[in-house]
1. Could you tell me the ratio Rg/Rh of chain A? Both radii from Cα atoms, Rh via Kirkwood.
2. Can you give the angle from 0 to 90° between the axis of helix A:131-151 and the longest principal axis of chain A, with both taken from C-alpha atoms, to the nearest 10?
3. Grab the DSSP H runs of chain B that are 4 residues or longer, score each as -39,500 (n - 2.57), total them, divide by all residues and round the 222 nm result to the nearest 500 deg cm²/dmol.
4. Using 10 Å bins from zero, what percent of all Cα-Cα pairs in chain B falls into each bin?
5. Distance between the C-alpha centers of segment B:1-70 and segment A:56-113? Whole Å please.
6. Take every residue in peptide B:107-118, count the Cβ atoms of other chains within 10 Å of its Cβ, and give the average of those counts.
7. So what is the accessible area of chain B per residue, in Å², with the probe set to 1.4 Å?
8. With θ set to phi - 60°, apply the Karplus curve 6.51 cos²θ - 1.76 cosθ + 1.60 along segment A:278-290 and write out the HN-Hα couplings as whole Hz, x wherever there is a Gly or Pro.
Amino acid sequence: MATHFGTMIDRKLVAVSDKNRSGRTAREASYAICSLFVIAVCGYTFTDPFVVTLAGYTCAFALFALSINIILGGVGEVPLGQCLFFGLGAYGAAIGMGKLGLPFDVSVLIALVLSVVLAAIIGVITLRLTGAYFSIVSWGLTGVAMVAATNLDEITGGPLGLFGFPPIEIGPLQLSDPPTYFAVTATILLVAILFLVALRRSPFGAAMDSVRQNPHLARSVGVDVARVRLKAFMLSAPFAALAGALAVPYTQIVTPEVFSVANTVDGLLMVLLGGAQLVIGPVIGAAVFTLIPQAMNLDPNIRILLFSSVIILIMMFAPGGLHQVGVALRDRFGGKTDDDRSR
Amino acid sequence: MELLAQTLVNGLVLGAGYAVIAVGLTLIFGIVGIANFAHGAFFAMGGYACYLLASQGLNYLAAVPLAVLIVVIIGAITEWMVIRRSLYGNSHHGSLIVTFALGQAAVAGLILIFGPDPLAVPSPLGQSTMRFFGIFVTSQRVFIFVCSVLVLGALGLWLRLSIRGQQVVAVAQNARGALYCGIDVPWIRTLAFVLGVAAAGLAGALLAPISTIYPTMGYSALIVGFTVVILGGMGSIPGAMLGALLIGVANALFETYVSVSWTPALGWALVIATLLFRPQGLLGQLQQHRH
């Protein structure tokens, strides 16, 4: 009944002293600045437009994986329907630009608001369910969305989808320019990570932890379980929608296939590869998931076969993902046991 | 009136096919305690095994049982290698992800072996039609209906009358109590898993000739299976049969009288209504701790 995605979470309950905390803040600030620097350097050094665009798309998809991890690593449900919001973001951007003639940023903002509203409505119904029931019903809702997107020709362009957008730009930034696209998605990803790190440390993050580890105990100490779950769900939706919208400059077309479960599966594999308990786990997973197949020039089906097998092995032997493997190795070979980085 | 009768018959035949898929799913859920997201992959494997045997020149009627046998062997190996080691006594989340990944891997494997394009499975019953009281049914559909009813009836009798079947029922009711009574629970679980995927494989082999086979055919079967099982009550075998017939008939009526393209959404509307107003399903037992 309790969910064990990472047993090492328990060790993190050790209180962190104030001195430690200020040191941690400084360390994290330096991480953030280093990443900004790396983003800038990468944006200028790599000139191959294909590689740079792919990197930007990877960042967008990592954002989607983060959204999945708010549910999976946060409240401990498997959100098989998260691509509903991904698709909503993609369609929101596409319909806003293509049909209504709005600028990209305005349509994305509208899509984000819509995604939160939709998450509130869906969450009230589906979050009463837990475990397999929640996963199945949310998956089913994406099926309904796909049927709707296929049939509502006037709005969504039907099975062929929407394509042929005007140049996509946010203010002065041209997203059709590969280095700019990469810089924008990477920066948004970084901001999202910082936000999620802060969220995990907040009282709300602690409430999510308690709900995941033992909902009955959480309820008995005064955590409003249903409310926490609904808030987490509503929080995850705009991340997925933003990811969907940011994927549009790469894909250049939005078809009903964005609601396909394959999208969710990709995101889920990324989260599980990297480890659900680490905030940047999904990002590590996204990098591994895109880079290795790209470097080895793998067929997409071999990629799915390979990563699915890896996931089965990980779930059998190391449910905390690559992060847990790393921690185990570090503990074994006498590194420091400061396990607080993810929090 | 003719149209209504024809639609009802079509729905019943469709529902019989769904029932075989859903009974396997609900059996695995009731006994092994996992929602088997790899069920659709075993369904597709049944279809492909049938195709493989038929393309070797074997008669379709002989290919069906052999295809089920192949699926049984694959299912037993899967159970022994993966399911048994990772799932028992675990939460639903671990099992959910593992079975889902299994399904993904199997579908990717099928694409790599057979290619992504739909393939046709020839059946000697495919072309002819039968006529009952003015209603036309293709022979293949009659065959599907008869097979489904026979298999489901045999399963029901087996569960009710045989000692092994009673043990299965006992494990479904209370696994720990069954263990204390000396029932070999792990063996019963293996048996239930293999029986469940065999049902999926049988459904795949039966339905292959009326719809072409393609690697992702399992997804729609899995979704239909889940809608049926949730509607009937998870873990309840009579519930699965009732749910299958209801969804089959409802789909057929909706297709005929409302809209073909919106039909896939109908099952989910029914499921959400069920979960809102009768969360245990039509014939399910109300549980204290639903996971």
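The values are calculated or read from the model by the stated rules, or taken from the named source; none is laboratory data. All figures in this text were calculated on a predicted structure; none of them were measured in a lab. Positions of Cβ are generated from backbone atoms using ideal geometry, with glycine treated the same way; all protein chains shown enter the neighbour counts. Just so you know, the surface numbers come from the protein's heavy atoms only, side chains and all, with ligands and any DNA or RNA stripped out. Shrake-Rupley method; radii C 1.70, N 1.55, O 1.52, S 1.80 Å.
1. 0.96
2. 10 degrees
3. Value at 222 nm, helices only, nearest 500: -24000 deg cm²/dmol.
4. 7, 28, 36, 22, 6, 1
5. 36 Å
6. That works out to 3 on average.
7. I get 43 Å² per residue for chain B.
8. Working through the residues one at a time gives 9, 4, 8, x, x, 5, 4, x, 4, 4, 4, 5, 8 Hz.
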